[in-house]
Each structure stands twice: as C-alpha cells, then as structure tokens.
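Below is one structure, written out as structure tokens, with a few remarks after it.
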Amino acid sequence: EDYDWEAGGGPTCFKGDTLAMNFVYNILSENTGGAGWYCDISSKANRLMGNAFWDNPGGAIYNEYAVDDSTVIGNTFYRCGVTAAMCTRFNVVENYFFQSGLAWCSREWWMLRDSYMLSRKNVFNNPTYGYLLDYGKPFTQEGFTSSISDFNRIYQAGDAALLCDSGTEKVYRTLEDIRKTYGFEMHGQVTPYRGQTADEIGRAHV
C-alpha cells in the first residue's frame with residue numbers, strides 16, 4: 001500500500017491568514033480523504049500538541065504553502081505520516097511515529113536549503129517508508145543544509161529505509177550510507193525492531 005503523503009482537504013482544513021492557532025488533544029482516526037490536519041496559505045505559528053492520529057489514508061498532518069513556524073510536539077502518529085511543503089521553520093519535536101515518518105517536500109522554486117526544518121527527539125518505530133522522505137524534484141546534496149534532524153530514536157525493521165529520496169529514487173538504510181552520500185553529521189540511535197511495544201520502547205517525551 002502506498003500512502004498519499006501530500007493529500008489535503010481532510011476532516012480539518014484551514015486556508016487563509018491566521019496566527020497562533022492551537023490544535024490540542026484531538027483524536028483523528030480512519031478519516032477518508034486528505035490529511036487529518038491540513039493547513040494552507042500564510043497561517044503562522046501554529047501549535048499541534050498532544051493529538052493522536054491513526055490510519056488516516058491521506059496522512060496525519062499536511063503543512064502547506066507559507067504556513068511558517070508550525071510546531072508539532074507530543075503527538076502520536078500510527079500508520080500515517082507528517083508532510084510539510086513550501087514552508088519554513090517547521091518543527092517536529094518529541095512525537096511517537098509507528099510505521100510512519102516525515103516528508104519534507106523540496107521544489108525547484110522552494111528548496112529545502114532555505115527552510116530550516118527541525119526533527120528532534122522523536123521516536124520512529126518500524127518506519128516502513130523511511131523516517132525522513134524528501135518528496136519532490138530535484139533533490140540536491142545541499143537540500144537539507146539548513147535543516148536539522150537530530151537525537152531521534154529509530155527502531156528499524158528488516159530492510160526498512162531510514163531516508164528515501166524520491167527525486168532520485170535512492171533509498172538509504174544505514175546512518176553510514178547517509179553520512180557518505182550527503183556528508184551530514186549524524187546523531188541518534190538506530191535499533192532493530194523486533195515487535196517491541198510502545199511501553200518497551202518508551203515514549204519520546206519521557
């Protein structure tokens with residue numbers, strides 16, 4: 001099954017100019033259509049905290065054009081991922097992902113190198129499609145130069161990917177592969193996933 005990482009128009013859809021919108025302690029499960037939380041066009045400084053997303057076919061969160069300075073903290077994502085495109089300073093901190101990950105979209109006219117994206121202290125449990133996916137073309141070696149992905153914990157099953165580059169369709173399965181290809185300084189842990197429960201792994205905010 002392939003997820004549509006970029007789908008919009010789901011159960012919550014916000015478009016237009018807003019400031020400091022808080023989306024807190026919601027449960028979005030098995031919603032048809034687009035992402036569970038979809039925001040587009042010039043909404044600033046949103047906070048998504050303590051929510052639970054699971055089995056949303058269009059993904060959990062889609063943060064779109066000029067929706068800058070969003071912070072996603074302390075949420076649970078179960079088999080649905082988080083996507084951000086054409087925005088800057090998108091912060092994903094202390095969340096728990098099960099069989100899902102992040103997609104940071106790069107565009108010819110909105111390169112990731114100008115976007116200052118942050119992924120920090122998250123737990124990724126069996127990230128089937130990679131914990132981080134660059135979605136869009138072209139992918140360039142300096143694409144993530146101003147972005148930070150650090151101190152995440154990744155529990156990796158079998159030959160699952162750590163990073164997927166959809167621009168060149170390359171898949172990277174080890175930290176060393178990523179280091180050699182992109183010259184990144186790598187932090188965090190990659191541990192074999194053998195069916196551990198969430199309690200055994202520990203929540204990201206503990």
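The values are calculated or read from the model by the stated rules, or taken from the named source; none is laboratory data. On a predicted model such as this, the values are computed, not experimentally measured, just so you know. Using ideal geometry, Cβ is built from the backbone for each residue, glycine included, and neighbour counts are taken over all protein chains shown. In case anyone asks, the SASA skips ligands and DNA or RNA and just uses the protein heavy atoms, side chains included. Shrake-Rupley method; radii C 1.70, N 1.55, O 1.52, S 1.80 Å.
Quick notes on this one:
- Heavy-atom accessible area, probed at 1.4 angstrom with all protein chains present, ranks 72, 171 as 171, 72, highest first.
- Cut-off under 5 Å, modelled amide H: who pairs with residue 83 long-range: 61, 62, 63, 103
- Long-range HN-HN contacts of residue 130 with modeled amide H, under 5 Å: 161
- Paramagnetic reach from residue 21 in the stretch 83-103 [backbone N under 18 Å; point 7 Å along Cα→Cβ]: 83-92
- When all alpha carbon pairs of the stretch 1-103 are counted in 5 Å bins from zero, the resulting P(r) reads 3, 15, 28, 28, 20, 6, 1, 0 %.
- Using the Cβ-Cβ distance between residue 71 and residue 174 with R0 set to 45 Å, the FRET efficiency works out to roughly 0.90.
- Amide H contacts of residue 15 (H built 1.01 Å from N, under 5 Å, at least 5 apart or other chain): 40
- If you sort 38, 116, 193 by accessible surface, 1.4 Å probe, largest first, the order is 116, 193, 38.
- Charge tally around residue 39: other residues with Cβ under 13 Å, Lys/Arg +1 each, Asp/Glu -1 each, net -2.
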